[in-house]
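Input: a single structure, listed below in structure tokens.
The values are calculated or read from the model by the stated rules, or taken from the named source; none is laboratory data. Owing to the predicted nature of the structure, the values given are computational and were not obtained by experimental measurement. Quick reminder, even Gly has a Cβ in these numbers, built from the backbone with ideal geometry, and neighbours come from all protein chains shown. Calculation scope for accessible area: heavy atoms of the full protein, side chains included, ligands and nucleic acids excluded. Shrake-Rupley method; radii C 1.70, N 1.55, O 1.52, S 1.80 Å.
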Amino acid sequence: KKRFYNMGEPDELYNLRNNYWIGNYQRAIAEGSGLQRLNEALKTESKEFIYRSYVALGQHNIVINEVKDDAGTPVSLQAVKLLARYLSEPQNKELILLTLNEWLTSPQGNRTSLEAIAATIFLHEDNLKEALRCVHLGTTMEQ
């Protein structure tokens, strides 16, 4: 399911997203941590931006330790954990890339975050063609 924002409704994650997108990662973490009474989809998206902020700050272990590896963990959070592992475990790069390619070829729920994170990993690999392939049909600000 793609994320579309209704301009007529309040955006409960506006400040969190805005701080993340402008690179104010510490503020994004603080903003996201203070959000309450969100529905499940918004909770997941909030956690995703918090964890992506930790990755941007180089605090990969927080993400690796907190995001569970079970089937109940949303793909978006698993993708952030994969990025954290990619950036912090160069010795496991091949396994991480195999996992990423497997996820990209299997049908899963919300792929928007997975595709954006895959593009980030492929850019780190100097593989612009694959990075663009991941986001060329994007419908969000990040894609």
Of [x] 41.4, 127; [y] 45.9, 155; [z] 14.8, 48, the label for Rg and Dmax of the Cα atoms in Å derived from the coordinates
[z]
Spelling out what I want: for every residue of segment 15-24, take phi, set θ = phi - 60°, compute 6.51 cos²θ - 1.76 cosθ + 1.60 (Karplus), and round to whole Hz; glycine and proline get x.
5, 4, 4, 4, 4, 5, 5, 8, x, 8
Listed residues Val63, Val135 arranged by accessible area, highest first, probe 1.4 Å
Val135, Val63
Along the charge dipole of the chain, Cβ charges K/R +1 and D/E -1, which of Thr112, Val80, Asn65 sits furthest on the positive end?
Thr112
Listed by chain and number, the aspartates and glutamates with an alpha carbon less than 14 angstrom from that of Lys47, same-chain partners under 8 positions apart left out, are Glu12, Glu31, Glu66
With springs only between Cα atoms under 10 Å apart, run a GNM on the chain and tell me which of Arg17, Arg133, Arg37 wobbles the most.
Arg37
Take the chain, connect every pair of alpha-carbon atoms lying under 10 Å apart with a spring to form a Gaussian network, then pick out the residue of Leu77, Leu38, Leu104 with the largest mean-square fluctuation.
Leu38
Which of Tyr25, Tyr54, Tyr14 moves the most in a Gaussian network model of the chain with Cα springs under 10 Å?
Tyr14
Given charges at beta-carbon only (K, R positive; D, E negative), |dipole| of the chain in Debye
160 debye
Calculate, in nm to one decimal, what Asp69 and Leu95 gain on full extension: separation in residues at 0.36 nm each, minus their alpha carbon distance.
7.8 nm
